[in-house]
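Below: the structure, in structure tokens.
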Amino acid sequence: MIFLDSAATTPVRREVLEAMWPLLTGDFGNPSSHHELGESAKRALDAARKSVAASLGCRASDVVFTSGGTESDNLAIKGLALAEPRGRHIVTSAIEHEAVLESVDYLARLHGFEITVLPVNAAGLISLDDARDALRPDTTLCTVMYANNEIGAVQPIAALAELCHAQGVPLHTDAVQAAGWLPLDVAGLGVDALSLSGHKLGAPKGIGVLMVKGRRSLEPVLHGGGQERGKRSGTENVAGSVGFAHALALAETDRAARALAVAQLRNDFVSNVLERVPAAIFTGPAVAGTHDHDHDHAGAQTDAQAAADGDAATPTLVSTPTRLPNNASFCFPGTSGESLLLELGRAGIICSAGSACAVGSDDVSHVLTALGIDEAIAQTAVRFSLSGDTTAEQLATVAAEVETAYRAVRSLSQ
Ligand code: PLP
């Protein structure tokens with residue numbers, strides 16, 4: 001099997017499982033219990049919180065453990081918007097994950113919020129001018145994702161944070177796909193809240209983090225025993241939190257070097273696929289060797305360069321990459337994404353038709369249509385998402401199998 005679906009989920013890393021094991025077996029206490037087992041669990045939870053804070057460059061008290069990316073997004077958006085007295089207006093983008101779009105929609109339907117949706121250009125990038133125009137005196141929250149799960153587009157979060165703060169508006173970012181690939185330094189990004197999910201970075205499913213700056217008031221979504229300083233009730237997932245902390249620390253180790261290496265593999269893979277299937281459309285921000293879309297970012301660049309952000313030895317770098325290093329997404333006009341997946345699956349290749357997050361959904365991708373891609377073409381999408389373990393040999397095999405699958409599906413549909 002060749003697994004190229006890391007944006008959907010990742011296996012739990014051995015070191016992570018080993019760190020979790022004692023908390024699931026002998027040291028299994030409830031951190032709220034006032035006996036040795038409970039206190040031991042509390043110490044483990046506190047240490048995990050400190051470790052996450054060190055990875056993100058925030059305070060331990062800013063870290064709220066949740067059940068995953070979806071809950072973190074819900075808590076950030078509902079929690080911040082409902083706690084903020086200055087108005088009922090939210091700014092978001094057209095290509096957010098459903099966890100964001102549905103939370104915002106809930107606030108509009110049940111709490112009378114007005115929503116401004118920022119459009120994206122053909123590459124999937126928002127415009128800072130649009131964002132500046134959208135912010136108003138009654139804007140309670142801006143929520144724009146760091147990196148997109150379908151097309152890998154990376155938004156200019158630090159610049160957006162500056163715009164938001166000039167207007168006194170808090171900024172939340174969904175960084176679920178960015179973890180392990182892009183800098184997560186909270187001070188550098190300037191965000192007020194940031195969502196992460198464990199299962200995208202080598203921790204188990206069912207654990208996540210919401211980083212929310214302490215001075216921000218947050219209306220809880222889950223009410224109960226007041227755990228997580230009253231921000232998220234429910235007995236803490238101690239083992240999951242410890243696993244998350246380990247996975248995040250490991251993902252941060254060698255991040256820049258890994259991102260650079262994976263971006264280079266990805267770029268070669270993209271060129272190979274486009275050579276073999278000239279009719280294929282590479283969707284999202286351009287990479288080396290592909291057609292550059294109509295970017296409106298100053299300093300658009302290849303992410304092979306950008307992935308090394310922070311590497312002082314490389315003087316030509318600018319600070320904002322525009323595409324995740326591990327994402328390669330295409331449309332194959334004249335086919336169907338589902339049929340291509342079946343063909344590739346027969347060849348032992350695991351990838352995805354667009355996003356894996358909408359359960360059983362036949363809907364056309366709102367991300368691809370937001371780029372201006374025709375609905376019929378959007379249904380031919382296939383996303384390959386690499387991991388740090390993906391090899392050049394695997395990618396050469398996959399590119400050849402993509403050509404075979406494309407020909408097979410085309411011949412059936414003619
Ligand atoms: N946000 C983004 C960008 C995602 O890609 C996903 C999952 O794919 C989520 C949020 C939801 O995360 P979780 O599966 O942990 O609920």
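Can you confirm whether the stretch 75-82 contains a residue that is within 23 Å of the chain's Cα centre (by Cα), away from the ligand (no atom under 16 Å from the Cβ) and open to solvent by 30 Å² or more (accessible area, probe 1.4 Å)?
No: the stretch 75-82 contains no residue that is within 23 Å of the chain's Cα centre (by Cα), away from the ligand (no atom under 16 Å from the Cβ) and open to solvent by 30 Å² or more (accessible area, probe 1.4 Å).
Please state which one of 101, 110 is closer than 16 Å to residue 78 by Cβ, open to solvent by 40 Å² or more (accessible area, probe 1.4 Å) and either away from the ligand (no atom under 16 Å from the Cβ) or among the small types (Gly, Ala, Ser) (or both). Please lay out each step first, then the result.
Working: 101 fails: either away from the ligand (no atom under 16 Å from the Cβ) or among the small types (Gly, Ala, Ser) (or both).
After ruling out the rest, the residue left standing is 110.
Looking at 311, 268, 296, can you tell me which residue is open to solvent by 40 Å² or more (accessible area, probe 1.4 Å), at pLDDT 95 or above and in contact with a Leu (Cβ under 8 Å, 6 or more places away or on another chain)? It would help to see each step written out before you state the result.
Details: 311 fails: at pLDDT 95 or above; 296 fails: at pLDDT 95 or above.
Of 311, 268, 296, the one residue that is open to solvent by 40 Å² or more (accessible area, probe 1.4 Å), at pLDDT 95 or above and in contact with a Leu (Cβ under 8 Å, 6 or more places away or on another chain) is 268.
Got a sec? Which helices (runs of 4 or more DSSP H) wholly within the stretch 122-224 have at least 2 residues that are over 23 Å from residue 370 (Cα atoms) and under 16 Å from the mean Cα position of the chain (by Cα)? Break it down stepwise before answering.
Working: elements: 128-134, 157-166, 186-189.
Correct list: 186-189.
Can you name every residue in the stretch 231-259 that is among the charged types (D, E, K, R) and in contact (Cβ under 8 Å) with a residue 60 or more places away in the chain? Working first, answer last.
Restricting attention to the stretch 231-259, the residues satisfying the condition of being among the charged types (D, E, K, R) are 231-232, 236, 252, 254-255, 258.
Once the filter is applied, which keeps residues that are among the charged types (D, E, K, R) and in contact (Cβ under 8 Å) with a residue 60 or more places away in the chain, the stretch 231-259 yields 231, 232, 236, 252, 255, 258.
Looking only at the stretch 10-32, count how many residues are assigned to a loop (DSSP other than H, G, I, E, B) and open to solvent by 40 Å² or more (accessible area, probe 1.4 Å).
The initial filter retains those residues of the stretch 10-32 that are assigned to a loop (DSSP other than H, G, I, E, B), namely 10-13, 25-32.
If we keep only those that are open to solvent by 40 Å² or more (accessible area, probe 1.4 Å) too, we end up with 11-13, 25-28, 30, 32.
Qualifying residue count for the region: 9.
Listed residues 171, 218, 189; which is touching a residue at least 24 places away in the same chain (Cβ under 8 Å), open to solvent by less than 10 Å² (accessible area, probe 1.4 Å) and of a type in the set (A, V, I, L, M)?
After applying the criteria, what remains is 171.
Sort out which residues of the stretch 33-90 are farther than 14 Å from residue 210 by Cβ, part of a loop (DSSP other than H, G, I, E, B) and of a type in the set (Ser, Thr, Tyr), and write them in order of number.
Result: 33, single match.
Given the condition modelled with pLDDT under 95, surrounded by 17 or more Cβ atoms within 10 Å (Cβ to Cβ) and of a type outside the set (Gly, Ala, Ser), answer yes or no: does some residue in the stretch 125-140 qualify? Please lay out each step first, then the result.
Residues of the stretch 125-140 that are modelled with pLDDT under 95, as a first pass: none.
No, the stretch 125-140 has no match at all.
The values are calculated or read from the model by the stated rules, or taken from the named source; none is laboratory data. As the structure is a computational prediction, the values presented were derived from the model and not from experiment. Because the Cβ atoms are built from the backbone with ideal geometry, glycine has one as well, and the counts that use them run over all protein chains shown. The accessibility values were calculated without ligands, DNA or RNA, using every heavy atom of the protein model including side chains. Shrake-Rupley method; radii C 1.70, N 1.55, O 1.52, S 1.80 Å.
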